[in-house]
Amino acid sequence: MCNLSDLVEERGIQKGIQRGVAEGIEKGKRDMVSGLLRLGTVNEEDIRKVAGITREELEEIKRSIAV
């Protein structure tokens, strides 16, 4: 039978996995937006809508890549 420390450890592992997946998805989204901005053929409003990000988030990404 599982003891309390095993349960706590398993929950911690699951939280870590969930956090890693969420961070990976966010990085992928930022990379996609950065690539589209660099390409320069898609307007910013369309990029924002497709990526599901706010204007502020788009501006932050733009600052990070110095477009």
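The values are calculated or read from the model by the stated rules, or taken from the named source; none is laboratory data. Since the structure is predicted, the reported quantities are computational estimates derived from the model, not experimental observations. Please note: Cβ atoms are built from the backbone with ideal geometry, for glycine as well, and neighbour counts cover all protein chains shown. Note: accessible area is taken over every heavy atom of the protein model, side chains too, but ligands, DNA and RNA are not part of it. Shrake-Rupley method; radii C 1.70, N 1.55, O 1.52, S 1.80 Å.
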Just the number please: accessible area per residue for the chain, 1.4 Å probe, all protein chains included, in Å².
79
Under a point-charge model restricted to the Cβ atoms of Lys and Arg (+1) and Asp and Glu (-1), what is the dipole moment magnitude of the chain relative to its Cα centre, in debye to the nearest 20?
160
How far apart, in nm, are two points set 7 Å out from the Cα along the Cα-to-Cβ line at ALA51 and at LEU39?
1.3
Identify which of GLY16, GLY35, GLY24 has the largest mean-square fluctuation in a Gaussian network model of the chain, with springs joining Cα atoms closer than 10 Å.
GLY16
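At a 1.4 Å probe, what is the % contribution of carbon and sulfur to the accessible area of the chain?
56
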